[in-house]
Amino acid sequence: MPVFKDNDWATFTPDPTDADWHIFEARETENFHGLIGPLQVRRAGASAIVRLQPRPDLLNPGRHVHGGALLALVDLAIFPAIMMLEVDPARGVTLDVSTHFVTAANGEQPLDVAIELTNETRRMAFLRGTIEQAGAVVLTFMAIIRKIPAR
């Protein structure tokens, strides 16, 4: 498993409740990165899994996870995932995300974002993934990340 170092915008700490997981948390919780909250992250073969436990403030009036929250989760989950997948450098900006909603996500069970690196060049990382809940696919996506070298 990769060894993570805290950086200027996030911390990685071992999850005290489950040794397979790490906690990824934005340092500045008052900005957009703090909107979703702490995420659990782990490696699963060629994929990284990023987990979110839905909260009431992420639900729509129908008591399902709001579609906007799912889209934000995709974008925010990419960066701890590329760190877990050891993309070098594990810093970047999102150039493109294409998503397809498959079914609604309830507000009771964890959401697992499974992300796989499909190709990597010197300047780009190409990813595909799903958001799953209780074994059912909720959303599929593809993303392109422009890698930014460390300062």
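Here are some notes:
- Matching residues in segment 54-68 - criterion: being surrounded by fewer than 21 Cβ atoms within 10 Å (Cβ to Cβ) and of a type outside the set (S, T, N, Q): Arg55, Pro56, Asp57, Leu59, Pro61, Gly62, Arg63, His64, His66, Gly67, Gly68
- A search for C-beta distances below 6 Å between a residue of segment 19-35 that is closer than 12 Å to Val50 by Cα and any residue that is of a type in the set (Phe, Trp, Tyr) and in a strand (DSSP E or B), counting only pairs 6+ apart in sequence or on different chains, returns His22/Phe12; Phe24/Phe12.
Each row is one residue, and each column tells you yes or no for (1) in contact with a helix residue (DSSP H, G or I) (Cβ under 8 Å, 6 or more places away or on another chain); (2) under 21 Å from Leu58 (Cβ atoms).
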{"residue": "Asp112", "(1), (2)": "no, yes"}
{"residue": "Gln133", "(1), (2)": "no, yes"}
{"residue": "Ile145", "(1), (2)": "yes, no"}
{"residue": "Ala150", "(1), (2)": "no, no"}
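- Per-region count, segment 15-43, residues modelled with pLDDT of 85 or more and either exposed (fewer than 13 other Cβ atoms within 10 Å of the Cβ) or assigned to a loop (DSSP other than H, G, I, E, B) (or both): 8
- The residue list Val102, Val97, Val93 contains one member that is in contact with a helix residue (DSSP H, G or I) (Cβ under 9 Å, 6 or more places away or on another chain) and of a type in the set (Val, Ile, Thr), which is Val97.
- Reported count of residues in segment 82-113, each being modelled with pLDDT of 95 or more and closer than 13 Å to Ile49 by Cα, is 4.
- Residues of segment 105-151 that are exposed (fewer than 15 other Cβ atoms within 10 Å of the Cβ), small (Gly, Ala, Ser) and not in a strand (DSSP E or B): Ala134, Gly135, Ala150.
- Test: residue in segment 78-96 that is under 14 Å from Val138 (Cβ atoms) and either out of contact with any strand residue (DSSP E or B) (no Cβ under 8 Å at 6 or more places or on another chain) or not in a helix (DSSP H, G or I) (or both): no
- For beta carbons closer than 8 Å, sequence separation of 6+ or different chains, a first residue in segment 94-120 that is within 19 Å of Ile144 (Cα to Cα) and a second that is of a type in the set (S, T, N, Q) and in a strand (DSSP E or B), the qualifying pairs are Thr99/Thr140; His100/Thr140; Val113/Thr130; Ala114/Ser47; Ala114/Thr130; Ile115/Ser47; Glu116/Ser47.
- Test: residue in segment 114-137 that is modelled with pLDDT of 95 or more, closer than 19 Å to Leu35 by Cβ and touching an Asp or Glu at 6+ places or on another chain (Cβ under 8 Å): yes
- Any chance Ile49 is touching a residue at least 40 places away in the same chain (Cβ under 8 Å) and either part of a strand (DSSP E or B) or surrounded by fewer than 18 Cβ atoms within 10 Å (Cβ to Cβ) (or both): yes
The values are calculated or read from the model by the stated rules, or taken from the named source; none is laboratory data. Just so we're clear, the structure is a prediction, and the values are computed from it rather than from any experiment. Cβ coordinates were reconstructed from backbone atoms using ideal geometry, including for glycine residues, and neighbour counts include every protein chain displayed.
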